[in-house]
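Structure first, then comments.
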Amino acid sequence: MSAHTFLMLAVVASALALFAILAALGAAVLGQQRAGFNRRVERQLRDLFITIDPAKLWMLQCTGALTVAVLVAIITWNPITVGLAALLAMALPHFAMVRLQHLRRQKLRQQIPDVLMLIAGSLRSGSGLSVALSRTAGVSPAPARQHLEWLLGDLKLGTSLADALAAFERRAAAEEATLMATAIRVGAETGGPLARTLESLADSVRKRLALESRIRALTAQGRLQAWIMALLPALVLALLALVDPPSFAEITMTRGGRLVLVSVLVAQLVGFRLVRRIVTIEV
């Protein structure tokens, strides 16, 4: 065997070994990402009371990211744009899930005063706490009904009231739900006038939510300006890719252009966070 043939075989073997190592590392990283995705999404779906297999969502997310990457590659033939589009497609389901959790939490917060009044009314009619919770769950809309039914299910399984209320607080993840659970827990332990306490708490929560809504209305213009300023550079870059591809390639493919993009991205993130902090007022 000649030295040239031996060298070629060594190069091929090294390339195959490197490919195998990279494939193994990629599979390990992908497996970790999938496991983390399944754990996170399973918890989020459970909080949203949605029964969907996380594995199906993982496959749908990967398929969607691959489809978006192929479409962007056909349009632009720019590897950086393709990579960014794929990452954005992979991140969109997470942002959508977080948004759904936020909307559901806000809806639950708005329902808490009515739930408190219903429980207090049942207690004043002579019902026990479990019966009052059951009646309230029967007439309450989602998501309050689902949270109360889960709470009642924990109590029927023998969970103590304190532990069941603590689990209710974790699932609801809202300060109003914490106040409600604390009032019920203290009232059940001390034997005080729980109905009167819940009615007073309902009135306080309702006033607080009204004040918060007023503040959000007054700061809506600032939040809108923050989003517009944050999205404007991305919109301009997308229009540049459609109208003037050579200039877009100059920005994305050269070192100076990438430095400008990174600087703009950092400045936009810092400015967005500052504006959000200015217009966010804790009640």
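Points worth noting:
- Considering each residue of segment 102-111 in turn, at least one proves to be free of Cβ contacts under 8 Å to residues at least 60 places away in the same chain, exposed (fewer than 15 other Cβ atoms within 10 Å of the Cβ) and under 30 Å from residue 63 (Cβ atoms).
- Each residue in segment 245-272 was checked for being surrounded by 12 or more Cβ atoms within 10 Å (Cβ to Cβ) and over 28 Å from residue 223 (Cβ atoms), and 10 of them qualify.
Yes or no, residue by residue, for (1) surrounded by 15 or more Cβ atoms within 10 Å (Cβ to Cβ); (2) assigned to a helix (DSSP H, G or I); (3) out of contact with any Asp or Glu (no Cβ under 8 Å at 6 or more places or on another chain); (4) in the same structural domain as residue 80 (by TED's automatic domain parsing):
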residue: 201; (1), (2), (3), (4): yes, yes, yes, yes
residue: 204; (1), (2), (3), (4): no, yes, yes, yes
residue: 207; (1), (2), (3), (4): no, yes, yes, yes
residue: 210; (1), (2), (3), (4): no, yes, yes, yes
residue: 213; (1), (2), (3), (4): no, yes, yes, yes
residue: 224; (1), (2), (3), (4): no, yes, yes, no
residue: 228; (1), (2), (3), (4): no, yes, yes, no
residue: 232; (1), (2), (3), (4): no, yes, yes, no
residue: 239; (1), (2), (3), (4): no, yes, yes, no
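The values are calculated or read from the model by the stated rules, or taken from the named source; none is laboratory data. Since the model is a prediction, treat every value here as computed from it, not as a measurement. Please note: Cβ atoms are built from the backbone with ideal geometry, for glycine as well, and neighbour counts cover all protein chains shown.
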